[in-house]
Amino acid sequence: MGPRIGKKRKLARQIGIGAILITVLVVACFLIWAARRPPLLDTCDFGCEIYDRNGKLMRLTTASDERYRSFVSFNQISKHLVDATLLYEDRYFWQHPGVNVVALMAAAVDTYVGGNQRGASTITMQLARMKYGIDSRTPLGKLHQILWAFRLEMHYTKEEILEAYFNLAPYGGNVEGIKAASLIYFGKSPQNLTQSEAILLATIPQNPAKRKPGPLGKETDSLYDARQRLGAIWLTEHPNVERHALGLRHRFTLGLPLQLPFFAPHTTVRLLAKHRGARRLDTTLLLEIQKELEERIGTYVEKHRLAGIHNAAAMVLDHRNNHVVALVGSADFFNANIDGQVNGTTARRSPGSALKPFVYGLAMDEGLIHPASLLKDSPVSFSDYTPGNFDKQFRGPISATEALVRSRNIPAVRLASQLSDGGLYQLLQKAGVKKLRDENTYGLPIVLGGVEVSMEELASLYSALKNDGVVTDVVYEKPRATAERLRVRIMSPEAAFLNTEMLSVHGRPGQRFNDAWTRDSFPVAWKTGTSPGMRDAWSVGIVGQYVVVVWVGQFMGGQSPAYVGKRSAAPLFFEIVDSLRARGLQPPVHLDKQLNVTRVEVCATSGALPGPHCPHTRETWFIPGKSPIQRCAIHQQIEVDTRTGQRVCPEKAGSGQKQVVELWPSDMRQLFKEAGLPRTPPPQFPSSCALSASEPELASLKITSPKNRLVYAVRSDSHEEEKVPFTAQSSGDANVLFWFVNGAPIGRAAPGETLFWPPRPGTFQVAVLDDQGRSDSLTVHIEMVK
């Protein structure tokens, strides 16, 4: 027996040592495991809250698991909510080390002896279960949960544990975390919860499936009963609180996820793509104006659907800081038929005539015009480009202001052709317009919409007119710090100011009265644009502190006679303008006293500085040192023989009666005639006068077609039908023009009329002579092509 006993004792000692070693190993592993700081919220995925500039919620996104979960720090949670939650879930949270041993033992006895299942999980244990996916329904799972609770308490403060709990606790359905629950159910942040709201929310995590809001947000019986129980405990713990303050007698109606705000989707989608993983974004938008803009565009498109209008986009910009105030990228974000999720404010499209103001600004800076300068709206050709007006008519002489607000194409193209190298293209390049091709690709058609810009870029350009001619980046987010921003001057402060003044003359469509009659202190400086082929209709302008841009069209670029700026975009533009007026505008700042501009008298007819014979004058803006200073040459004083009605020859000056007449160039006289407004021609000199008799200031003759040294390509199979037009601009006293090719006469024409010449290959000297002895000549090349 002795040896057997010895062997048993030896085996027992070995088992004991093994058990001790295993125990030590397990404890060591636990200590190593517990010593490592476990991740808490740093690996948690949250949705994003997007607010307007005043902190109003515009959109709440879900996390990647499609749950509404928004981060909130502990110091931003209402004390009422913290107290109510601890009172309901874990009274001794601040005292225990993560596990309430007494409560846990009592729950175990009730569950496994008494048969009444009862929980005893602390806040820390609940956090461990939620964060690490522990199944605590079995004894082993419960042990796992307890170990994790101890580990969390080792590495995190009580405040950090509570913060994590309130960010992960379930509040019914796909709503997790107190921030999302507070925003969805009560439309407010957790720090602003009342006692009654805090008590309601504190009861949901214990049974979120039964206590989530019912249909239409009604409080369920389970939630109501739980709230009554916690309310009674709250009144016991807070004897100074009156029962009616907790609202225990009535049922709550809560908000639902489907009722969350969803405004400015195009802006929010853009910002979310830019800031992936962001938990909060503060925009520059104003929710009230954003809502109004969305409603007006939707209503406008629906109202004009039968007219062929199915989509529109708009932007409102505060030109004082270039903050976007409201933006609608399409008429309906969820309408796939119009590609509603495309952001029309960033799409690149032809702006039509909306860029013309910048041509006029450059022309004023180069001293070519002032607002009252007389421009020509008459046929003209530039090499192989012959511009025309939208209405296919010509108005003859027209003031710069009228030409701009009436959107006459030819005067704008004429001005652009006179600008120094770069012109409008260089301005757009300096302004940061993206995706510009080589300058030679555009040519003069760039003035009439032969280039593509985005609505955002167009808004920035017009904003420069109110910022001393300086272009600045458009801003969508509230600045968190001073950031580098584009600041480029595209025109002088004076030209920008005069440009705005010119555009302010433009009355709204259909207006039959002068703006001054309404005593309106908020003028609208605006312009329309229609892209070639009627694919895009634009209206853009400035009112008060805002720049408003409107586009009507189709994202796929379809053509429609409805897509004309004045007819389809302008009415919507003025609806938006009127809504902004109703909300209050900043009074305009009168900059003229701070700038190098002045008011001067000019001839009411010619727009030039008044000559001694101008019968009427008017005031206009003028940039000293830049604006043109030519004297009026239209009104001339002549002497008329009272017996014959003819002009007195220069050698007999002083023998006739003095008379003031208008001496228009021949091309202008012809335009007046075609418009049904013929000008009375001045009396002619008698044939007995010297051949050189003429008014010295207007004594000129200039060939306007063909162009000097230009190569004309004529198709060989149709050269007999093709003709080269010969036209010339002559003085008002010319009666007939004689045309010559290589010295041989080919015909005669009245001033302003066109003579057509059948071309043939070669180089030719073209000359013209008028009946007053004036002449002009040039060289033209003709090539035959197949």
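The values are calculated or read from the model by the stated rules, or taken from the named source; none is laboratory data. Keep in mind the model is a prediction, meaning the values are calculated, not measured. Every residue, glycine among them, receives a Cβ derived from its backbone with ideal geometry; neighbour counts consider all protein chains shown. With ligands, DNA and RNA removed, areas are computed over all heavy atoms of the protein, side chains included. Shrake-Rupley method; radii C 1.70, N 1.55, O 1.52, S 1.80 Å.
If I compute solvent accessible area with a 1.4 Å probe over the protein chains, what percent of it on the chain is carbon and sulfur?
It is 53 percent, rounded to a whole number.
What list of ³J(HN,Hα) couplings, whole Hz, do you get for region 203-217 from phi and the Karplus terms 6.51, -1.76, 1.60, once you set θ to phi - 60° and write x for glycine and proline?
Karplus values, whole Hz, x for Gly and Pro: 8, 5, x, 5, 8, x, 5, 8, 9, 5, x, x, x, 6, x.
May I ask you to derive the FRET efficiency for Arg13 and Leu140 from their Cβ-Cβ distance with R0 = 25 Å, giving the value to the nearest 0.05?
Between Arg13 and Leu140 the formula returns 0.25.
Just subtract the alpha-carbon distance of Phe390 and Arg581 from 0.36 nm times their residue separation and send over the number in nm, one decimal.
Full-extension gain reported as 65.6 nm.
Relative to the first principal axis of the alpha-carbon coordinates of the chain, what is the inclination of helix 101-112, with its axis defined by its Cα atoms, in degrees from 0 to 90 and to the nearest 10?
Once rounded, the angle reads 70 degrees.
When ligands, DNA and RNA are left out and all protein chains stay put, how many square angstrom of accessible area per residue does the chain have with a 1.4 Å probe?
49 Å²
Determine the percent antiparallel among the DSSP beta bridges restricted to the chain, to the nearest 5.
85 percent
Provide the gained length on full extension for the span Lys723 to Phe738, in nm with one decimal, where the gain is 0.36 nm per separating residue minus the Cα-Cα distance.
3.6 nm
Residue-wise, which Karplus ³J(HN,Hα) couplings in Hz belong to region 148-154, taking 6.51 cos²θ - 1.76 cosθ + 1.60, θ = phi - 60°, and x for glycine or proline?
With the stated coefficients, region 148-154 comes to 5, 4, 4, 4, 4, 5, 5 Hz.
Which value, in Å² rounded to 10, gives the accessible area of Ile634 with a 1.4 Å probe and all protein chains present?
Per-residue accessible area (Ile634): approximately 20 Å².
Farthest toward the dipole's positive end in the chain, which of Gly344, Ala354, Met364, given Cβ charges of +1 (Lys, Arg) and -1 (Asp, Glu) about the Cα centre?
Gly344
Hey, how many Å between the Cα centroid of region 417-438 and the Cα centroid of region 182-220?
58 Å
Counting only protein chains, not ligands or nucleic acids, how are His310, His155 ordered by accessible area (probe 1.4 Å), most first?
The ranking, largest first, comes out as His310, His155.
Which peptide among 334-340, 390-396 comes first, and what is the full order, when sorted by highest mean count of other Cβ atoms within 10 Å?
Per-residue mean Cβ counts within 10 Å order the peptides as 390-396, 334-340.
Rank Leu317, Gly507, Thr23 by how far each Cα sits towards the positive end of the charge dipole of the chain (+1 on Lys, Arg Cβ; -1 on Asp, Glu Cβ) and give me just the farthest.
Selected residue: Thr23.
In what order, largest first, do Phe166, Phe522 sit by accessible area if the probe radius is 1.4 Å?
The ordering from most to least exposed comes out as Phe522, Phe166.
Sorted from largest to smallest, which semi-axis lengths in Å does the alpha carbon gyration tensor of region 171-262 give for its equivalent ellipsoid, taking the root of 5 times each eigenvalue?
For region 171-262, the semi-axes come out at 22, 14, 11 Å.
Find the centroid of the Cα atoms in region 297-359 and in region 447-466, then give the distance between the two in whole Å.
So the separation of the two Cα centres works out to 14 Å.
Just want to confirm a number: the relative contact order over the chain, from Cα pairs under 8 angstrom separated by 6+ residues, in percent.
8 percent
Amide H of Val714 versus every other amide H placed in the peptide plane: which residues, excluding those fewer than 5 positions away on the same chain, fall under 5 Å?
Amide H neighbours of Val714, under 5 Å, 5+ apart: Glu783, Met784, Val785.
Just how large is the dipole of the chain about the Cα centre, in debye to the nearest 20, putting +1 at every Lys and Arg Cβ and -1 at every Asp and Glu Cβ?
I would put it at about 3700 debye.
Set Lys and Arg Cβ to +1 and Asp and Glu Cβ to -1, take the dipole of the chain about its Cα centre, and tell me which of Gln630, Ala164, Ser399 lies farthest positive.
Of the options given, the answer is Ala164.
Ranked highest first by the average count of other Cβ atoms within 10 Å around their residues, in what order do 211-220, 571-580 fall?
571-580, 211-220
So if each residue of separation counts as 0.36 nm, and I subtract the Cα-Cα distance between Thr253 and Asn54, what length gain in nm does that give?
69.0 nm
Among Lys79/Lys158; Lys356/Lys626; Lys131/Lys188; Lys274/Lys430; Lys434/Lys626; Lys434/Lys566, which pairs are too far apart, with a Cα-Cα distance over 23 Å?
Lys131/Lys188; Lys274/Lys430; Lys434/Lys626; Lys434/Lys566
If you work out Rg/Rh (Cα atoms, Kirkwood Rh) from the coordinates, which of (1) 0.99; (2) 1.08; (3) 1.24 do you get?
So the structure-derived entry is (3).
With every protein chain kept in the model, how would you rank Arg406, Arg348, Arg227 by accessible area, 1.4 Å probe, largest at the top?
Result, largest first: Arg406, Arg348, Arg227.
List every residue whose amide H lies under 5 Å from the amide H of Val325, counting only residues 5 or more places away in sequence or on a different chain, with H placed 1.01 Å from N in the peptide plane.
Result for Val325 returns Val316, Leu317, Asp318.
Quote the accessible area belonging to Val711 in square angstrom, nearest 10, computed with a 1.4 Å probe and with ligands, DNA and RNA left uncounted.
The accessible area of Val711 comes to roughly 80 Å².
List the residues of region 48-62 whose backbone N lies under 19 Å from a point placed 7 Å from the Cα of Lys274 along the Cα-to-Cβ direction.
Within reach of a label on Lys274: 48-61.
Arranged from highest to lowest average of other beta-carbon atoms within 10 Å per residue, in what order do the peptides 734-741, 193-200, 431-438 appear?
Top of the packing list down: 193-200, 734-741, 431-438.
Return one number: the angle in degrees, 0 to 90 and rounded to the nearest 10, between the long axis of the Cα atoms of helix 409-418 and the longest principal axis of the Cα atoms of the chain.
For 409-418 against the chain, the angle is about 80 degrees.
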